[in-house]
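Student: Structure incoming, see below.
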Amino acid sequence: MRFASEGSKLLQGPVIREAAPPGIPSASTAQTQLNGLTVRATGSSTGYSRDLFPHWITISGACNTRETVLARDGTGVVQDSSSCAANSGTWRSPYDGATWTAASDVDIDHMVPLANAWRSGASSWTTARRQAFANDLSAPQLWAVTDNVNQSKSDQSPDQWLPSLTSFHCTYARSWIAVKNKYALSITSAEKTALQTALNRC
């Protein structure tokens, strides 16, 4: 696990723009979507591999999905003209409120993790659909967050893990529900309870 240097973390400074992926529903819409999700026991992880979800594909020119999200969610991002790598910028992680100035300290989190999706229905998808899921820029599926926080989340669902920044729980639940709804993925009863609890606090 990589720990960022203090030199790349802004402890004070100007307010940095919040990450705001598209497609985050209102609490009332998320409630309707949650009510419509299929509830069943978690599926098997047998056969799962991240390679079955081709990700960080080319989006435009030399820019792949990761670089596109870094540019979208950062402030003052300057990208290399040939490689599209983020040479500078600032990113505020909505999961923990930390702000970073080095792209290497920022992971792109899949709101609904690939392994969770596999256990929730994606095991039967085509590779093309799994690729679309893993690189979806039209739903609140991809978030620029602190790398170690993303690693601590791993493939856990909201009943197992929620961001340390409690003020973000409402947005987190609404985003999780939106992605599960878009891709017709199932949820467990414990997952539904955790999502409902978060929605009740919106």
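Here's the yes/no breakdown for (1) small (Gly, Ala, Ser); (2) farther than 22 Å from Asp105 by Cα; (3) outside any helix (DSSP H, G or I):
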site	(1), (2), (3)
Ser157	yes, yes, yes
Pro163	no, no, yes
Val179	no, yes, no
Leu195	no, yes, no
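Student: Still on this model: Within region 148-157, is there a residue that is under 21 Å from Ser93 (Cβ atoms), aliphatic (A, V, I, L, M) and in contact with a Ser or Thr (Cβ under 9 Å, 6 or more places away or on another chain)? Quick ask: steps written out before the conclusion?
Tutor: From region 148-157, those under 21 Å from Ser93 (Cβ atoms) are 148-157; that's our starting set.
From what is left, the residues that are aliphatic (A, V, I, L, M) are 149.
Going one step further and asking which of them are in contact with a Ser or Thr (Cβ under 9 Å, 6 or more places away or on another chain), we end up with 149.
For region 148-157, residues under 21 Å from Ser93 (Cβ atoms), aliphatic (A, V, I, L, M) and in contact with a Ser or Thr (Cβ under 9 Å, 6 or more places away or on another chain): present.
Student: Moving on to the next point. Just to be sure, is Thr75 over 28 Å from Ser124 (Cβ atoms), in contact with a strand residue (DSSP E or B) (Cβ under 8 Å, 6 or more places away or on another chain) and touching a residue at least 40 places away in the same chain (Cβ under 8 Å)? Talk me through it step by step, then tell me what you get.
Tutor: On the way: over 28 Å from Ser124 (Cβ atoms): yes; in contact with a strand residue (DSSP E or B) (Cβ under 8 Å, 6 or more places away or on another chain): yes; touching a residue at least 40 places away in the same chain (Cβ under 8 Å): yes.
When the stated conditions are applied, Thr75 passes them.
Student: Select, from Thr58, Thr126, Thr90, the only residue that is of a type in the set (Val, Ile, Thr) and either under 24 Å from Thr171 (Cβ atoms) or in contact (Cβ under 8 Å) with a residue 60 or more places away in the chain (or both). Spell out how you get there, then give the answer.
Tutor: Details: Thr58 fails: either under 24 Å from Thr171 (Cβ atoms) or in contact (Cβ under 8 Å) with a residue 60 or more places away in the chain (or both); Thr126 fails: either under 24 Å from Thr171 (Cβ atoms) or in contact (Cβ under 8 Å) with a residue 60 or more places away in the chain (or both).
Checking each option against the conditions leaves just Thr90.
Student: Still on this structure: Exactly one condition in (1) part of a strand (DSSP E or B); (2) under 19 Å from Ser152 (Cα atoms); (3) of a type in the set (S, T, N, Q) is false for Ser104; which is it?
Tutor: (1)
Student: Okay, moving on. Hey, among Asn135, Asn150, which residue is touching a strand residue (DSSP E or B) at 6+ places or on another chain (Cβ under 6 Å), within 20 Å of Ala103 (Cα to Cα) and touching a residue at least 12 places away in the same chain (Cβ under 8 Å)?
Tutor: When all the criteria are applied, what remains is Asn150.
Values quoted throughout were computed directly from the atomic coordinates according to the rules given, and no laboratory measurement underlies them. All values derive from a computational prediction rather than experimental measurement. Neighbour counts run over all protein chains shown; Cβ positions are idealised from the backbone, glycine included.
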